[in-house]
Amino acid sequence: MVSLEAWWPRYLEIVARFGYSIEEDQRATDLLSGIISGQAIPLSNISSLVTKRNVLVCGAGPSLTRNLEEIIQNNINQETTIISADGATTALLEYDLQPDLIVSDLDGNVPDILQAHLAGSIVLVHAHGDNTSALEHYVPMLLQDQTEGNGVLGSTQARPRPGVINSGGFTDGDRCVFLAEALRANIIGLVGMDLGVFVGRYSKPSLSSDILASKTKREKLSVAKALLEWLASQSQSKIVNLTGGTTQISGIPDQVITEFAWDAQ
């Protein structure tokens, strides 16, 4: 896992670039910790799904549906842990794929996240300065539906607290990759991770089609890409980019999904 000391300078750069408040991020973290106190699952519940396993990280980019069709055609989902980034959960459910783990700051299609959680997905809920209302509203619902087969854990980009971890990462998509690498996945395959100028329709519940990303969104995706390149430079897990198209992430080689299917055997 990327240490807090290694992560903190990058967090400070993000805060400065986007005008975020460290104090508000920490306040949200403390709030989430209080809500799930005594009810958060141990990190070992997630590591049992990830450590030494082959993992697919599903972002919500425009390529997602094409990637999911290829995954199903090659039966990769049968032997692979699936981690879904927030709104990508909706696409997975539409393709009858059950994510093992959902990483979300609760601005995607939350009813679908609740549905997937009820069906067995673990949810890693991320706290930051402007989602405290969503934390207060939805986390109790997740906890109410918690069973031995699913569970809830918190995450933060600030200082961790009981029940709330910091494994690095900024957006839901790259945070999935940081977590999988921290837990020493065998192979991490990135799908739906376009990180370009278009936002996929599954990114927000209000979207019915892919759209041109706003300037701020493009900046966020640029930061996510830079963080993945930094992670790749020191990763102990093999990371490959299955997204296709024009997405290029330095240090993370492109691979077609049929090749990943072979590696995953």
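The values are calculated or read from the model by the stated rules, or taken from the named source; none is laboratory data. Because the structure is a prediction, the values reported are computed rather than measured. Note that we place each Cβ from the backbone using ideal geometry, even for glycine, and neighbour counts take in every protein chain shown.
For the range 142-177, the candidate set comprises residues that are in a loop (DSSP other than H, G, I, E, B) and of a type in the set (S, T, N, Q); within that set, the residue that is nearest to T132 (Cα to Cα) is Q157. Out of the range 78-99, which residues are crowded, with 18+ Cβ neighbours inside 10 Å and more than 12 Å from the chain's Cα centre (by Cα)? Selection gives T80, T81, T90, A91, L92, L93, L97. The helices (runs of 4 or more DSSP H) located wholly in the range 1-107 that include 1 or more residues which are closer than 17 Å to L135 by Cβ occupy 22-36.
On the stretch given as the range 202-224, residues that are in contact with a Leu (Cβ under 8 Å, 6 or more places away or on another chain) and in contact (Cβ under 8 Å) with a residue 40 or more places away in the chain total 3. Among the criteria (1) buried (at least 19 other Cβ atoms within 10 Å of the Cβ); (2) touching a residue at least 40 places away in the same chain (Cβ under 8 Å), the one N186 does not fulfil is (1). The residues in the range 231-254 that are modelled with pLDDT of 95 or more and surrounded by 16 or more Cβ atoms within 10 Å (Cβ to Cβ) can be counted, and the count is 12. Restricting attention to the range 163-196 and to residues that are of a type in the set (D, E) and farther than 23 Å from G34 by Cα, the residue that is modelled with the lowest pLDDT turns out to be D194.
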